[in-house]
Amino acid sequence: MAKQLNEIDAESLTFKARVAALGNLPEFFKLVWQTSRWMTICNFLLRIARSMMPLAILWVGKHIIDEVVLLGTGRAGVSQEFLWKLVGLEFGLAILTDILNRSINLMDGLLGDQFANYTSVRIMKHAATLDLDQFEDSVFYDKMERARQQTVGRTVLLSQVMGQIQDLITMGFLAVGLVAFNPWLILLLLATILPAFIGESYFNDRSYALSRRRTPERRELDYVRYLGASDDTAKEIKVFNLSGFIIDRFKTLSEKFYTENRQLSQRRATWGTFFSFLGSTGYYLAYVYIIYKTINGAVTIGELTFLAGSFRQMRGLMEGVLLRFTAVSQGAIYLSDFFEFFEIEPKIRKLLNAKPFPNPIRLGFVFENVGFQYAHSSRWANRHLSFTLHPGEKLALVGENGSGKTTLVKLLARLYDPTEGRILLDGVDLKAYDLDELRLNVGIIFQDYLRYQMTLAQNIAAGNIIEQDNRALIESAAKQSLADTLIEKLPAGYDQMLGKRFANGVDLSGGEWQKVALARAYMKDAQLLILDEPTAALDARAEYEVFERFAELTKGKSAVLISHRFSTVRMADRILVLDKGQLIEIGSHEELILKKGRYAELFELQAKGYR
C-alpha cells in the first residue's frame, strides 16, 4: 500500500487516492493495539458512551421545556416533581459528559505518548538493521526523516479516527429524530456542507504536497539552526565569523517556507469563509422551517428545541465528519511515508545457517578482485583489490585523502559488501559467517568516532556494550589505551559525565577524547583490530607511543592501521599503498623505499618537513 501511494504524484492527489490511503489504517491500528491493548479498548468504550450523550441531553431537555409549558398553563394535575427530576437527570448527564470528555482526553494523551515512544523504538530498531551505505544516501535520509515526523504526528490521527467513529454513532442517534420529522433536512445539510468538504480536501492536498516537497530543505533548515546554536560549532562559528552567513541562510530558507505557507493559508481562509457562509445559510433555512411548523402547531415548543438542537448538532457533526475525513485520509497518506521506511530492507543480512567465526584465524583475509561503488555514484571507491591479510599481521594503509582507505576497512569489517569480487576468510566467503560473531571479532575505531555525552565508563563500554557493567574490563581497556591517565582530573572518576551538554559535565581535549575512543577497541577480545586515523589529534610522539603500545597488545592478532605519519606506518609488517581506490604497491617499509615508487615519494615529501 505504501509503495502504491508513494507512486502517486504529490501534486495531483485525487479523492480516489485519499480513499486508497485509508487502506493504511488497519496496519496503523495494529500498531496502536500493540502499543497498549487495554488502553485502546478503554478509549473505544469511552467514546461509545460519549456518543450517546447529545441525544440523551436533547431528549431530556425537550421534556423539560414541555413540562414548563404545561405548568405555565396552570393545567390541573400537573406536578413540579417530575420537572425537577428531569432537571436533575440533565445535570447528571452534563456531569457525566464532562467526565467522559476528560477521560477520553486523558486516554488520548497517554496512548499517544506510548504510541510515539513505541514507534520511535521501532524506527531505531529497524534503522539498526539497515546497511551503512543506505545511511549515506540523501534519498534514504528523506524517508527516515518523514518516518520520524510520523511518530508524533500520527498520534493526532488516532484521536481523529476515534473521534470520527464517535461522531458517526452520535449522528446515527440524532438522525432518527430528524428523519422522522423531515428527511429533506438531512439532504439540505449535505448540499450546503459538501462544498466545504471539497474545498478542505483540495487545500489539504496542497499542504501535503508542499510538506513532502520540502523534506530535503527542512533537513537543511534544521541543520542550519543547529550550526547557529550548538556547543559543537560555537568555536568555529566565532573564529570564522560565520554567524551572519548562517543567519542569512536560515532567513532565506525560513522566509521561503513562510511565503509559500502564507499564500496557501490566505487562499484557504478566503474559500473557507465562503463555504462557511453556505453552511450557515443551509442551517438557518432549516431553522426557519422548524419555527414555521411550531407557529402553526405542528410541533410543540419542546420538540422545537429538540429538533433545532438536533439539527444544529447534526450540522456540526456532519461538517466535522466530512472535514475530518479529509484530515484522516491525509493522515493516512502521511502514514504511507511511515510504512515505506519499514519497507526498506538491508542487503547485508544475517544467515540462518551461518558459519561460526574461526577462532583462531588460520589463513587470514583474502581480497579477490574486490571493488566497491557507492549508490548514485559513477566513480569506484575501490577497484581491483587483490591481497592477503595474514593471521597476526600488521598492515598499514597509505594513500592521499579519497584514495579508498576507509572504504577498504569498512569492507573488511563487512559494513559494506563488495560490488564486485569477494573477500574470503580462511577460504570461505565473508558473507557466510555469522554477522554478530564477525562484528564481535573485529574491533574498529574510526577517525570520526563519536564523543558520547555520557560517563567515561559508558564511553569506553560503547566498544562492547554488553559488558557495560564489567568495571574491571572497562578499567583494563582504559589502561591499555592510556585513558586511565584522565582519572586524576575527573572528579567522579569513571562515573564522570563527559561533554558540556548536561549538568556537571567535563569536556576533554581532542587527544584525551581519542584515548577514550581507543579504549573501545580493547573492550573486545577481537582477532582483528582496525584503527582508522583515530590518533590524528595526538602529537607525533604521543601517536608513536599509542601505536607502539598497540603493536605490543595485539601480538598474535591481525591489525590494520591508517595513519598519515610515516614514523607510525613503518612499524607495520607490510604497507599497502592506494591511489584512486586501487592498489599500486604493497610491501615492507624497506622494500617500498627501494622501489622508489609512490610510497617512497610520499615518505620523502613528509621527511622534508622535519629537516
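Please report the relative contact order for the range 365-609, taking Cα pairs under 8 Å with a sequence separation of at least 6, and give it as a percent rounded to a whole number.
In percent, rounded to a whole number, it is 27.
What does the charge count near PHE372 come to, summing +1 for each Lys or Arg and -1 for each Asp or Glu among other residues with Cβ under 10 Å from its Cβ?
That sum, taken over residues with Cβ under 10 Å, equals -1.
With unit charges on the beta carbons (Lys and Arg positive, Asp and Glu negative) and the dipole taken about the Cα centre of the chain, which residue among GLN134, ILE295, LEU168 sits farthest to the positive side?
Working it through, the farthest residue towards the positive pole turns out to be ILE295.
Can you list, bin by bin at 10 Å, the percent of alpha carbon pairs in the range 365-609, starting at 0?
Bins of 10 Å from zero give 7, 30, 33, 22, 7, 0 percent of pairs.
Starting with the highest mean, order 517-523, 429-435, 223-229, 375-381 by the number of other Cβ atoms within 10 Å, averaged over the residues of each peptide. Don't skip to the end; give the middle numbers.
On the way: 517-523: 25.6, 429-435: 16.6, 223-229: 14.9, 375-381: 12.3.
Highest-to-lowest ranking by the protection proxy: 517-523, 429-435, 223-229, 375-381.
Relative contact order, percent, of the range 220-361 when contacts are C-alpha pairs under 8 Å separated by at least 6 residues?
Values: 29 pairs, mean separation 17.4, N = 142.
Normalised by residue count, the contact order of the range 220-361 is 12 percent.
Where a Cα-Cα gap under 27 Å defines reach, which lysines qualify for LYS515, not counting those fewer than 8 residues away within the same chain?
LYS515 reaches LYS235, LYS394, LYS405, LYS410, LYS479, LYS489, LYS500, LYS524, LYS555, LYS557.
Could you work out how far apart the two model spin labels at ILE165 and THR270 are, taking each label as a point 7 Å from the Cα in the direction of the beta carbon, and quote it in nm?
That separation, rounded to one decimal, is 4.1 nm.
Using a cut-off of 17 Å between alpha-carbon atoms, which lysines can reach LYS85, once sequence neighbours fewer than 8 places away in the same chain are excluded?
Within the straight-line cut-off, LYS85 pairs with LYS62.
Just so you know, all these numbers are worked out from the coordinates, no wet-lab data involved. Here the structure is a predicted model, which is why all the values come from computation and not from measurement. Every residue, glycine as well, gets a Cβ built from its backbone with ideal geometry; the counts of neighbours run over all protein chains shown.
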